[in-house]
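Chemist: My questions will all concern the structure given below.
The values are calculated or read from the model by the stated rules, or taken from the named source; none is laboratory data. Keep in mind that what you see is a predicted model, and the values were worked out from it rather than measured. Ideal geometry is used to build each Cβ from the backbone, glycine not excepted, and the neighbour counts take in all protein chains shown. Accessible surface is based on the protein model in full, side chains and every heavy atom, while ligands, DNA and RNA are left aside. Shrake-Rupley method; radii C 1.70, N 1.55, O 1.52, S 1.80 Å.
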Amino acid sequence: MRIFDAHCDTACEIFDKKCGLYENSLHFDIRRTGNYDGYTQVFAVYADPKHKDRILERSLEVIDYFICETDKNSDSISLCKNGNDMRDAVMLGKRAAFLALEGADAVTSAEILHIFYRLGVRVISPVWNVSNHIATSVTEENPAEGLTEFGKRIFKEMTEMGIIADVSHTSDRTFWDIMSISRLPVIATHSNSRTVSAHRRNLSDEQFTAVVRSGGCVGINLYPFFLSLKKEAAVDDIIRHIEHFCSIGGENNIGLGCDFDGVDILPEGISGIQDISKIFDTLAVRGYSDELINKIACANFERVFAGLD
């Protein structure tokens with residue numbers, strides 16, 4: 001089985017802890033991806049407010065450390081910049097890696113956006129947990145605002161360049177502003193169903209349907225608070241979100257966005273990437289077809305990223 005996970009925070013964690021990408025005690029490492037026939041991972045560089053005074057420097061340092069780690073392990077992982085790179089990595093038996101910015105706080109000009117693009121960033125969400133000069137975050141008490149005028153210019157430029165917009169963490173208004181601008185499929189790398197679990201970080205059915213219409217994809221987040229509004233969750237809670245999205249026409253538009261190394265607790269029985277197969281074993285027991293399981297495991301997100309030039 002191949003796996004595509006649209007979101008982890010491992011790049012920041014290995015930088016902060018100065019540990020390796022091949023083997024570590026975190027939720028993700030290259031060694032454990034050997035349990036699968038193929039693995040594609042989107043690595044996020046998140047804009048932590050504690051680094052706000054040097055957010056650009058911090059982002060570049062994390063990316064540099066991550067690129068050094070992929071170079072060190074080039075026999076087993078490839079940093080990909082387009083669909084062809086991803087396909088080549090899979091054919092060579094390597095793990096495919098994409099870079100993302102989770103929060104565009106470091107993007108203060110079109111020129112800096114182009115620098116991130118040249119470094120390999122192919123996914124950008126405008127905000128993390130705090131609003132910025134780009135957009136309003138869902139964490140605001142009254143998140144009525146959306147993209148700023150500067151943010152609209154940046155996201156239009158992203159569309160032209162071939163950078164995918166990520167709407168996880170955005171306020172509802174920011175979400176709809178991005179949907180009106182992007183000419184590429186829009187993704188929510190790590191968000192669940194608000195109908196199943198009424199957390200503000202999750203997507204409404206209307207929002208999910210808009211992502212479907214764009215040709216995009218939503219990655220199921222494994223954080224228990226988003227799955228069930230409780231400190232505890234299990235694989236069954238993950239399945240509830242998958243089944244709801246499928247029930248409203250999303251079988252071609254859902255995947256994984258586990259949020260590994262970005263959360264402090266995980267569902268019962270899941271302690272890292274080595275346990276992802278438990279989700280698909282459960283789907284098989286419940287009668288999901290091999291085709292649909294493959295779509296959720298990898299094919300839906302692979303389709304979106306295969307379109308990158």
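Chemist: Name the single residue, out of those in region 262-292 being of a type in the set (A, V, I, L, M, F, W, C) and free of Cβ contacts under 8 Å to residues at least 24 places away in the same chain, that is least open to solvent (accessible area, probe 1.4 Å).
Modeler: Of all residues in region 262-292, those of a type in the set (A, V, I, L, M, F, W, C) come to 263, 265-266, 270, 273, 276, 279-280, 283-285, 292.
Right, trim to free of Cβ contacts under 8 Å to residues at least 24 places away in the same chain and you get 284-285.
Numbers: ALA284: 54, VAL285: 129 Å².
Among those residues, the one meeting the criterion is ALA284.
Chemist: Taking region 186-211, which residues are open to solvent by 40 Å² or more (accessible area, probe 1.4 Å), touching a Ser or Thr at 6+ places or on another chain (Cβ under 8 Å) and of a type outside the set (D, E, K, R)?
Modeler: THR195
Chemist: Can I ask one more? Within the set of pairs 6 or more residues apart or between chains, which connect a residue that is among the aromatic types (Phe, Trp, Tyr) inside region 169-185 to a residue that is part of a helix (DSSP H, G or I) with Cβ atoms less than 9 Å apart?
Modeler: That search, which allows pairs on different chains as well, returns PHE175/GLN207; PHE175/ALA210; TRP176/GLN207; TRP176/ALA210.
Chemist: Kindly check whether there is at least one residue in region 277-294 that is assigned to a helix (DSSP H, G or I) and touching a strand residue (DSSP E or B) at 6+ places or on another chain (Cβ under 7 Å).
Modeler: First, pick out the residues of region 277-294 that are assigned to a helix (DSSP H, G or I): 277-285, 290-294.
In the following step, the residues that additionally are touching a strand residue (DSSP E or B) at 6+ places or on another chain (Cβ under 7 Å) were identified as none.
No, because not a single residue in region 277-294 is assigned to a helix (DSSP H, G or I) and touching a strand residue (DSSP E or B) at 6+ places or on another chain (Cβ under 7 Å).
Chemist: Could you list, in sequence order, all residues of region 63-100 that are small (Gly, Ala, Ser) and within 18 Å of the chain's Cα centre (by Cα)? Let's see the steps before the verdict.
Modeler: We begin by selecting, within region 63-100, every residue small (Gly, Ala, Ser); these are 74, 76, 78, 83, 89, 93, 96-97, 100.
Of everything in region 63-100, those that are small (Gly, Ala, Ser) and within 18 Å of the chain's Cα centre (by Cα) turn out to be SER78, GLY83, ALA96, ALA97, ALA100.
Chemist: Just to be sure I understand, how many residues within region 205-238 are of a type outside the set (Phe, Trp, Tyr) and within 21 Å of LEU184 (Cα to Cα)? Steps first, answer last, please.
Modeler: Filtering region 205-238 for residues of a type outside the set (Phe, Trp, Tyr) gives 205-207, 209-222, 224, 227-238.
Next, only the ones that are within 21 Å of LEU184 (Cα to Cα) stay: 205-207, 209-220.
Final tally of qualifying residues: 15.
Chemist: Then there is this: Identify all residues within region 212-236 that are surrounded by fewer than 21 Cβ atoms within 10 Å (Cβ to Cβ), within 20 Å of the chain's Cα centre (by Cα) and free of Cβ contacts under 8 Å to residues at least 40 places away in the same chain; write none if there are none.
Modeler: Across region 212-236, the qualifying residues are ARG213, SER214, PHE225.
Chemist: Restricting attention to region 117-145, which residues are in contact with a Ser or Thr (Cβ under 8 Å, 6 or more places away or on another chain), under 30 Å from THR33 (Cα atoms) and at pLDDT 95 or above?
Modeler: VAL123, SER125, PRO126, VAL127
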